[in-house]
1. Apply the Karplus parameterisation 6.51 cos²θ - 1.76 cosθ + 1.60, with θ equal to phi minus 60°, to every residue of segment 90-103 and state each ³J(HN,Hα) to the nearest whole Hz, in sequence, with x for glycine and proline.
2. Treating only the Cβ of Lys, Arg, Asp and Glu as charged (+1, +1, -1, -1), what charge dipole size does the chain show about its Cα centre? Round to the nearest 20 debye.
3. Where only protein heavy atoms count, and the probe is 1.4 Å, what is the accessible area per residue for the chain in Å²?
4. Please give the length that would be gained between Tyr16 and Asn90 if that part of the chain were fully extended, namely 0.36 nm times their separation in residues minus their C-alpha to C-alpha distance (nm, one decimal).
5. Using only the Cα atoms, work out Rg/Rh for segment 105-162, with Rh taken as the Kirkwood radius, to two decimals.
6. Could you run the Karplus curve 6.51 cos²θ - 1.76 cosθ + 1.60 with θ = phi - 60° over segment 72-86 and give me ³J(HN,Hα) per residue in whole Hz, x for Gly and Pro?
7. At 1.4 Å probe size, with no ligands or nucleic acids counted, give the accessible surface of Thr137 in Å², nearest ten.
8. Report Rg(Cα)/(2.2 N^0.38 Å) for segment 34-86, keeping two decimals.
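The values are calculated or read from the model by the stated rules, or taken from the named source; none is laboratory data. None of these values were measured; they are calculated from a predicted model. No Cβ is skipped: glycine too gets one built from the backbone with ideal geometry, and neighbour counts run over all protein chains shown. Ligands, DNA and RNA are stripped out before the accessible areas are found, and what is left, the full protein with its side chains, is counted by its heavy atoms. Shrake-Rupley method; radii C 1.70, N 1.55, O 1.52, S 1.80 Å.
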Amino acid sequence: MMLNGLLAAVRALPEYPGLLEHLSGAASRTSSVALRLPRAARVPVAAAVTQCRGRLALYVVARPDRAATVAEELAAWAPEARVLSFGEPNPLFYDYAPWGPRTIVSRLGVLGELAAPPLDQPPAIIVASARALMWRTLPQREFLANTRAIKVGQALRIEKSL
């Protein structure tokens, strides 16, 4: 089901222009705004704001199960948007257990998006739990030094690239 047709009603709310003004002004770098939105209205407002601003957005939630729900809802409210999940590792901070492959792939995908966003696609909406953001990740310099771009049809010598 696509709900993006209802975003016009969100944009017609009297508070909406003030929110956009706050987000685009210099005040957004130094202060925050508390919207006190009901939970059901948060995803549509985030989808509307992301579409209007045309920039990368970060949607932070409290728990990983809520992050999965928000990612699904964003796909319905903004089907043209690229929704990326920033995975939360399963082990606790003090555990030395390996991360799952889904977590690694999702986190690397978000890091790749942040390092070099594609120019021919709409900006992404990154959905992350607060705990996922607390985990350390690769420094940008190290990530970029170990990233290789591969194009379709390009010859690649695996021995040389290792």
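1. Result, rounded to whole Hz: 6, x, 6, 4, 8, 7, 9, 9, x, 7, x, x, 5, 5.
2. The calculation lands at about 260 debye.
3. Working: 11300 Å² over 162 residues.
Value returned for the chain: 70 Å² of accessible area per residue.
4. 22.9 nm
5. Numbers: Rg = 14.1 Å, Rh = 13.7 Å.
Here Rg/Rh amounts to 1.03.
6. 5, 5, 4, 5, 7, 7, 9, x, 7, 7, 9, 9, 10, 9, 9
7. Around 60 Å² of this residue is reachable by solvent.
8. Details: Rg = 10.6 Å, N = 53, 2.2 N^0.38 = 9.9 Å.
Taking N as the residue count of segment 34-86, the ratio is 1.06.
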